[in-house]
Amino acid sequence: MDAIQQHMLDTYRAARLGEAAPPPPGRHDRRTLRDLYDHWLTHPPTPNQPVRLHSGRSGHSSPSGV
C-alpha cells in the first residue's frame, strides 16, 4: 500500500468515526527535513565514534532477516 492509498483509508476511517481528517502525505516534509538539518548542525556526529545501526532485535542479525 502506498502513501496515497493509506491516506485515503485513514480519511475514510476518520469520516466514519466523525474525527478530523489526517493531513495529506508530504505536507510536513520540508519542515521535518529542516528540523533534522538544524539538529545535525547543532549536534554533529563525532568523528571518532563509529556509526552503529540498530537492527531492532537482540543477538545477531542476518541479511535475510531470518
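Overview of results
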quantity	calculated
Lone qualifier among Met8, Met1 - being among the aliphatic types (A, V, I, L, M) and modelled with pLDDT of 90 or more	Met8
Breaking point among (1) at pLDDT below 85; (2) more than 16 Å from the chain's Cα centre (by Cα); (3) under 30 Å from Asp2 (Cβ atoms), for Ala20	(1)
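The values are calculated or read from the model by the stated rules, or taken from the named source; none is laboratory data. Because the structure is a prediction, the values reported are computed rather than measured. Methodologically, a virtual Cβ is constructed for each residue, glycine included, from the backbone with ideal geometry; neighbour enumeration extends over all protein chains shown.
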